[in-house]
Amino acid sequence: MGADMQSPGAPWTELFAWIETELGGRIVGYERQSRWRPAFFLDFERDGESLPLYFRGARPELATGPEVIA
C-alpha cells in the first residue's frame with residue numbers, strides 16, 4: 001500500500017497485500033463503499049500505469065464457511 005495511505009484495518013490489510021502480490025503492483029488509494037456487502041474502489045498502480053479496480057466481497061450470510069452452491 002502507499003506509504004501515506006491509512007490502513008483499512010483487518011482483514012482488509014491482508015486482502016490488499018494479496019492483491020498487490022498477485023497483480024504485481026501497489027494499491028495507492030481506496031474508497032470503501034457503504035454497503036451491506038464489503039466492497040472497495042481501489043486505485044492500483046503497476047509499471048507506472050494507474051488501473052482502477054473494484055473488489056466485492058461475499059455477503060455476510062454466505063461467508064460462514066466453504067460451501068458449493070450449484
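The values are calculated or read from the model by the stated rules, or taken from the named source; none is laboratory data. Owing to the predicted nature of the structure, the values given are computational and were not obtained by experimental measurement. Only protein heavy atoms, including side chains, enter the accessible area calculation; ligands, DNA and RNA are left aside. Shrake-Rupley method; radii C 1.70, N 1.55, O 1.52, S 1.80 Å.
For segment 10-58, what's the relative contact order in percent, using C-alpha pairs closer than 8 Å and at least 6 residues apart? Please list the in-between numbers first.
Numbers: 66 pairs, mean separation 13.3, N = 49.
Relative contact order of segment 10-58: 27 percent.
How much accessible surface area, in Å² rounded to 10, belongs to the heavy atoms of Glu45 with a 1.4 Å probe?
70 Å²
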